[in-house]
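Down below is the structure, laid out as structure tokens.
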Amino acid sequence: MEKIIDEKQQGNALVMEPKAGNGKKLMIESYGCQMNFSDSEIVASILAKEGFDTTQSLEEADLVLINTCSIRDKAEQTVRKRLEKYNAVKKINPGMKVGVLGCMAERLKAKFLEEEKIVDLVVGPDAYKDLPNLIHEVEEGRNAVNVILSKEETYGDISPVRLQSNGVSAFVSITRGCDNMCTFCVVPFTRGRERSRDPQSIMEEVNDLAAKGFKEITLLGQNVDSYLWYGGGLKKDFKNASEIQKATATNFAGLLRMVAEAHPKMRIRFSTSNPQDMTLDVIEAMAKYPNICKYIHLPVQSGSNRILKEMNRLHTREEYFELIDNIRRLMPDCAISQDMITGFPTETEEDHQDTLSLMEYVKYDFGFMFAYSERPGTMAARKMEDDVPEEVKKRRLTEIVNLQQQHSHYRTKQFVGKTVEVLIEKESKKSDAHWSGRTTQNTVAVFPKENYKVGDFVMVKINDCTSATLIGEAVGYSENQ
Ligand code: SAM
């Protein structure tokens, strides 16, 4: 399954510290990518100012917000099922109002109100600052919709409330929207054009997290390598910027260096990278700063040049290999992960074999693989027939999942016998006597708790592994502690 989607978190109701408020209770559930979870923290911050307290109980909620995902049909069906559950609860709690946020709200707009009678409020990803007004409308008995996409909105001025945080890791959003127009992907339609957040507001948020004791941040965007700040505005309008704006612009490598230098003891991660936009200076910055984690999520989607072209991925298999070779040359210990789609329209057995051989070349540490799901409005849906039979998509998916599992195991085995730094995040799922954390490569490691605590940087000697987890014992604090 998709790594950026933590399945255990899907649909979790997130809560913040209670404060004296307006007496109203908000429940906010999030589905989809990290960006959605990060957006829910912005929404919670906006509504905390309005006096809302959060709850995890539907039965006592005055307002339920569901932050939704449209990336595949299945993600939308999950949300629809959840709305059925809300409907049942509404019989016990008739005053409860329901709002739909995020990508499904943007995709379906006011149609949502017709299709799902329970929904009172529909708000797209760029309209969260309007929530207080929209909620007021709903309280007056009217339905409310705002799905306007913005050229400027980055929520840079909003300090997110950290929901269900372990106090160790946090997301920091750096770009919104996407300009890449991959033909399979609904994101450009649901999240709008690409814009970057002011580095100063990013730094303020990171400084604040560091002051609160956070040890790891993940810079978030649909395509972080495309980050470009030149004083505000859309990425696509950079060409019209003044000479001085161009000369003083900050790109992603510049931002990475800025954050890494300001907080040398903080782990810096980022997601997601797009091969067509990842430049050598980003890899050089990663290699230079030990606190930038040695892990790149580098979706490729297919190993076939013909399919990459049909997907409008704007790079070839050979260019992708060149990028991989550069990463390995500058950072031999860097982990790399993929997203892959099987059964894109017209995909042949030969194309599928190309995907398998690309995987053999890279031997990814992790992978997140999906059967193609046609999304309404995308270029592929408009121009291509979804012609690969479902059972063929599934069979190819099983083949790449199995190969990935072998490669993941190959990668974890390389750690056995080594001693690696682990940042402790939480108790292990399988044993309350063990901690669970991650290495710089993002590999999960578990080890006996002893006297260590969450947030500690610990050196762990790896004695054993599965395909997804390293098993070891602590040998002391790391020098980062
Ligand atoms: N922005 C990233 C990129 O450029 O690759 C990833 C965005 S998306 C939220 C995460 C993954 O979902 C994609 O990398 C892709 O593998 C998968 N995905 C997107 N659209 C899909 C579709 N129509 N059917 C199946 N999987 C899809």
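Just so it is clear, none of the values below were taken in a lab; they were calculated from the coordinates. Note that this is a predicted model, so its numbers are computed, not measured. Counting neighbours? That spans all protein chains shown, and the Cβs are built from the backbone with ideal geometry, glycine included.
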Calculate one ³J(HN,Hα) per residue across segment 421-435 by plugging θ = phi - 60° into the Karplus curve 6.51 cos²θ - 1.76 cosθ + 1.60, and present them in order as whole Hz with x for glycine and proline. 7, 10, 9, 6, 10, 6, 6, 5, 4, 8, 8, 7, 9, 10, 8
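What translational diffusion coefficient, in µm²/s and rounded to a whole number, does the Stokes-Einstein relation yield for segment 252-378 at 37 °C and a viscosity of 0.692 mPa s, taking the hydrodynamic radius as the Kirkwood radius over Cα pairs?
For these conditions, the coefficient is 211 µm²/s.
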Can you report the principal axis dimensions of the chain using only the alpha carbons, biggest first, rounded to whole angstrom? 63, 57, 53
Once label points are set 7 Å from the Cα along Cα→Cβ at both Lys91 and Arg328, what is their separation, rounded to one decimal in nm? 6.0 nm
Exposure proxy check: Arg257, Arg306 ranked by fewest other beta carbons within 10 Å? Arg306, Arg257
Taking every DSSP beta bridge that has both residues in segment 68-206, what percent is antiparallel when rounded to the nearest 5? 20 percent
Given a cut-off of under 8 Å on Cα pairs at least six residues apart, what relative contact order in percent is computed for the chain? 10 percent
From phi via Karplus (6.51, -1.76, 1.60), per-residue ³J(HN,Hα) for segment 439-451 in Hz, x at Gly/Pro: 7, 4, 6, 6, 7, 6, 10, 10, 7, x, 5, 6, 9
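Could you estimate the translational diffusion coefficient of segment 11-123 from the Stokes-Einstein equation, with Rh from the Kirkwood formula over C-alpha pairs, at 25 °C and 0.890 mPa s, in whole µm²/s?
175 µm²/s
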For segment 150-204, build the convex hull from the C-alpha positions and give me its volume per residue in Å³. 116 Å³
Within the chain: Cβ-based charge dipole about Cα centre, in debye rounded to nearest 20 (Lys, Arg +1; Asp, Glu -1): 400 debye
What does the charge count around Met359 come to, taking other residues whose C-beta lies under 14 Å from its C-beta (Lys +1, Arg +1, Asp -1, Glu -1)? -2
MRE, 222 nm, helices only [DSSP H, n ≥ 4, -39500 (n - 2.57), over the chain, to nearest 500]: -10000 deg cm²/dmol
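Based on other C-beta atoms within 10 Å, arrange Met258, Met181, Met278 from fewest to most.
The order, fewest Cβ neighbours first, is Met181, Met258, Met278.
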Taking amide H positions as placed 1.01 Å from N in the peptide plane, with prolines and chain starts having none, which residues 5 or more places from Leu65, or on another chain, fall under 5 Å of its amide H? Met27, Ile28, Glu29, Gly99
7 Å from Cα along Cα→Cβ at both Arg142 and Gln405: what's the point-to-point distance in nm? 5.5 nm
Amide H within-cut-off set for Ser478, under 5 Å, with H built and near neighbours excluded: Phe457, Val458, Met459
Percent of alpha-carbon pairs separated by more than 24 Å within segment 376-481: 42 percent
Enclosed volume per residue, in Å³, of the convex hull spanned by Cα atoms of segment 35-74: 88 Å³
Long-range amide H partners of Ile292, meaning residues 5 or more apart or on another chain whose placed amide H is closer than 5 Å, are Ile268
How many angstrom lie between the C-alpha centres of segment 134-169 and segment 381-455? 32 Å
Bridge type composition, the chain - antiparallel percent by DSSP, nearest 5: 40 percent
When only C-alpha pairs under 8 Å and at least 6 residues apart count, what is the relative contact order of segment 345-481, in percent? 20 percent
If you take every DSSP beta bridge fully contained in segment 139-295, what fraction is antiparallel? Give it as a percent rounded to 5. 30 percent
Please list the equivalent ellipsoid semi-axes of segment 184-235, computed as the square roots of five times the alpha-carbon gyration tensor eigenvalues, in descending order and whole angstrom. 25, 15, 8
Listing Glu50, Glu76, Glu140 from the residue with the fewest other Cβ atoms within 10 Å to the one with the most, what is the order? Glu140, Glu50, Glu76
Among the Cys residues of the chain, which have no other cysteine Cβ under 4.7 angstrom away? Cys33, Cys69, Cys103, Cys178, Cys293, Cys334, Cys465
Need the full-extension length gain, Lys246 to Lys212, defined as separation in residues times 0.36 nm minus the C-alpha distance. One decimal, nm. 8.8 nm
Please list 3J(HN,Hα) in residue order for segment 472-481, calculated via the Karplus relation 6.51 cos²θ - 1.76 cosθ + 1.60 where θ = phi - 60°; whole Hz, with x for glycine and proline. x, 9, 6, 10, x, 6, 8, 5, 6, 4
The alpha-carbon center of segment 216-294 and that of segment 21-55 are separated, in whole Å, by 28 Å
How high is the relative contact order of segment 85-239? Use alpha-carbon pairs under 8 Å, at least six apart in sequence, and give a whole percent. 21 percent
